[in-house]
Amino acid sequence: MDPFAITLTLGVIFVAIIAMMISRAGPDLILLAGLTVLIVAGVVTPKAAVSGFANEGLISVAVLFIVAEGLEQTGAITSLIKNMLGLPTSRLTALLRLMLPTAAMSAFLNNTPVVAVMLPVLDDWAKKCRLSVSQLMIPLSYATILGGLCTVLGTSTTVVVNGLMSSEGLRPLTLFEPGFVGLPCCIAGLIYILATGKLLLPNRKQASLQFDDPREYTIEMLVEPTSPLLGKTIETAGLRHLPGMFLMEIERKGDILPAVSPTERLQANDRLVFVGVVNSVVDLQKLPGLTPATDQVFKLNSPRSERCLIEAVASNTCPVINTTIREARFRTRYNAVVIAVSRNGQRIRGKIGDITLAPGDTLLLEAHTSFADLQRDSRDFYLVSRVENSTPLRRDKAWIAQTVLIGLVLLNTVFRWEILPSALLAALVLILTGCVKAHEARASIDWSVLITIAAGIGIGEAMKAEHSGAGPFVANYLTSFSGGEPIAALAIIYGITMVFTNLITAKAAATLVFPVAISTATSMGVDPMPFVVAVMISAAACFATPIGYQTNLMVQGPGGYRYVDYVRFGGPLTLLLWLVAVLVIPLRWGF
């Protein structure tokens, strides 16, 4: 062993961990910089350093991003979620209805899209249940993490560790094998959340409600003749407590129904008049069976799946000002349809086509995604901006995406396919059937996550005996510290990973500690599988900080959480799972 190489490698890892804790630079750049130092210093060969970029687990994660995008773009699980949530009568029942299906879905879907789909649904649902959203958002994130522990597919972290096992010549885990440890951890975690949530979770407004969007629009939606909402009451259709929006009136066969009762039943061709902010309009557009009431939307020369919502502020030189939208022939001129208008932050009532436009009016448009690029420098508009995530869902293809998901699970369970080929086949089918467009597939891949994984694997290579020898060095130290007891060493490996995953990121922690776990098992002459599973579970079980896992960050703003909320509620949960895992792992993979 080269003392200089060991010192430099451990020094790089130490600096990288500190940098990821205190720096605003992403873990991908920090780990890539650390790997660069090790390559330049000659600690690891370039070929070994970049081997992580060809790792099977990393490529599997990239492909699963595309599969998740296909499920999200088709709304394949949104309607299923709403049916499962229902309308509970107590906080405990609400948490059970939220966490059980969420954990079950997260066992087979990546956590991030599950939370992304649930967030807007949960806003509305919390109001219906008269619960603070801060009592639900952290349980949502934690339930997805706990469910993800039960299968190899559950999180990108478990997929990556499974790929690392293949590169070390170890037998990869089958789809449900992590469940021997993950399922007891999941059950213990869910019980903990149910028992302590009321006491430890805050009860406050979400951050987004403290800074409401001042632009308020009036938008009209039409109930389609084939809508699944037909015959439902306003309450059961989910239209009564939409976040940031309310149903002002219904126009039915020429009659106006003001102050709409929650028991009013929807009929075909009902014209629903809503008032709300732009983000709520996006949610409204994605409800099945509702379409914008203006028939101009159906005359655009691009399919709805290629359109989005755009906000544009009319300038004083815009040729359509001082005329009505109908007289200006807006659709013909711009290949875009005005679906709502806001003036000085206030809604404008009346039929869209009859509104006379004035300079400074903010127009909410439905147009092709290229509209923003074409009109950004136009003198007709002061400002043009695309509304994020506003492309209508391809609900007609939802059954295809659902079938692909079932097929993916069957290929991994019944037919014993490996994750990479089955995920590649699923992604290919989703692209060929139009469930996800090629450009969406490319954009769905989170390259920062992949670089973090690959750079972490490269640093792990540098720790091996044939390079710096830092891994065996640390393993020998841990072995002596544990007194040669495998269970004590297992607890230490789990504990180190547990600390790292909460301070840096799950993927970075897994790739950095993995070689130490292998070296520790080798030095003790025991099966490395228990140590690898400990790293897999511990790295994926991140609860004590918002920065360690992406879903924790995703719910922080909507739930109005502070850093201390995660420490207070997630810290004891982290320790509880440490205890459960260390007790259960040896029962399945004995030393």
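The values are calculated or read from the model by the stated rules, or taken from the named source; none is laboratory data. What you are looking at is a predicted structure, and each value in this text was computed from that prediction instead of being measured. Because the Cβ atoms are built from the backbone with ideal geometry, glycine has one as well, and the counts that use them run over all protein chains shown. Each accessible area value is taken on the protein alone, full model and side chains, heavy atoms only, with ligands, DNA and RNA left out. Shrake-Rupley method; radii C 1.70, N 1.55, O 1.52, S 1.80 Å.
Average accessible surface for the chain: 41 Å² per residue, computed with a 1.4 Å probe over protein heavy atoms with every protein chain in place. Expressed as a whole percent, the accessible surface of region 1-124 that belongs to carbon and sulfur atoms is 71, based on a 1.4 Å probe.
According to the Kirkwood relation over distinct C-alpha pairs, the hydrodynamic radius of region 23-145 is 17.2 Å.
Residue ranges 107-116, 135-144 sort as 135-144, 107-116 when ordered by packing (mean number of other C-beta atoms within 10 Å per residue, highest first).
Contact order for region 395-457, expressed relative to its length and based on alpha carbon pairs under 8 Å spaced 6+ residues apart, stands at 32 percent. Placing LYS253, LYS198, LYS397 in order of accessible area, with the largest value first and a 1.4 Å probe, yields LYS253, LYS198, LYS397.
Quick one: net charge of MET165's neighbours, Cβ under 13 Å, K/R +1, D/E -1?
On the way: positive: ARG171; negative: GLU56, GLU168, GLU177, GLU418, ASP527.
Around MET165, the charge tally is -4.
Across region 398-405, rounded Karplus estimates of 3J(HN,Hα) from the backbone phi angles (6.51 cos²θ - 1.76 cosθ + 1.60, θ = phi - 60°) give 4, 5, 5, 4, 5, 5, 4, 4 Hz, Gly and Pro being marked x.
Give the value in nm², to one decimal: projected area of the alpha carbon convex hull of region 414-474, averaged over all directions. Intermediate results must be reported in sequence, preceding the final value.
Numbers: hull surface 27.4 nm².
One quarter of the hull surface, i.e. the mean projection, equals 6.8 nm².
Think of region 310-389 as having a plus end and a minus end, set by charges on the Cβ of Lys, Arg, Asp and Glu; of ILE321, SER370, THR356, THR356 sits farthest toward the positive end of this dipole. Relative contact order, whole percent, for the chain stands at 21, derived from Cα pairs under 8 Å and 6 or more residues apart. (1) 45; (2) 29; (3) 37: which one is percent of Cα pairs over 42 Å apart as calculated from this entry? Here percent of Cα pairs over 42 Å apart agrees with entry (2). For region 489-591, the carbon plus sulfur part of the accessible surface works out to 72%, probe radius 1.4 Å.
Relative to one another, the C-alpha centroids of region 171-196 and region 1-69 are positioned 29 Å apart. Considering region 327-477 at the alpha-carbon level, its Rg and Dmax are found to be 25.6, 81 Å. For region 223-277, with all protein chains in place and a probe radius of 1.4 Å, 53% of the accessible heavy-atom surface sits on carbon or sulfur. About its Cα centre, the chain has a charge dipole of approximately 1160 debye under the convention of +1 per Lys or Arg Cβ and -1 per Asp or Glu Cβ, with nothing else charged. In the distance distribution for region 304-399, Cα-Cα pairs more than 21 Å apart total 30 percent. Ordering ARG331, ARG24 by accessible surface, largest first, gives ARG24, ARG331; the 1.4 Å probe counts only protein heavy atoms, with every chain in place. Peptides 472-479, 159-166, ordered by how many other C-beta atoms sit within 10 Å of their residues on average, highest first, read 159-166, 472-479. How much solvent-accessible surface does TRP578 expose, in Å² to the nearest 10, with a 1.4 Å probe and all protein chains in place? TRP578 exposes around 80 Å² with every protein chain in place. Note on MET463: accessible area approximately 10 square angstrom, rounded to 10, probe 1.4 Å, nucleic acids and ligands left out.
So how do LYS127, LYS464 rank on accessible area, 1.4 Å probe, biggest first, that is with the largest at the start?
Values: LYS127 90, LYS464 40 Å².
These residues rank, largest area first, as LYS127, LYS464.
Residue ranges 381-390, 497-506, 55-64, 146-155 sort as 146-155, 497-506, 55-64, 381-390 when ordered by packing (mean number of other C-beta atoms within 10 Å per residue, highest first).
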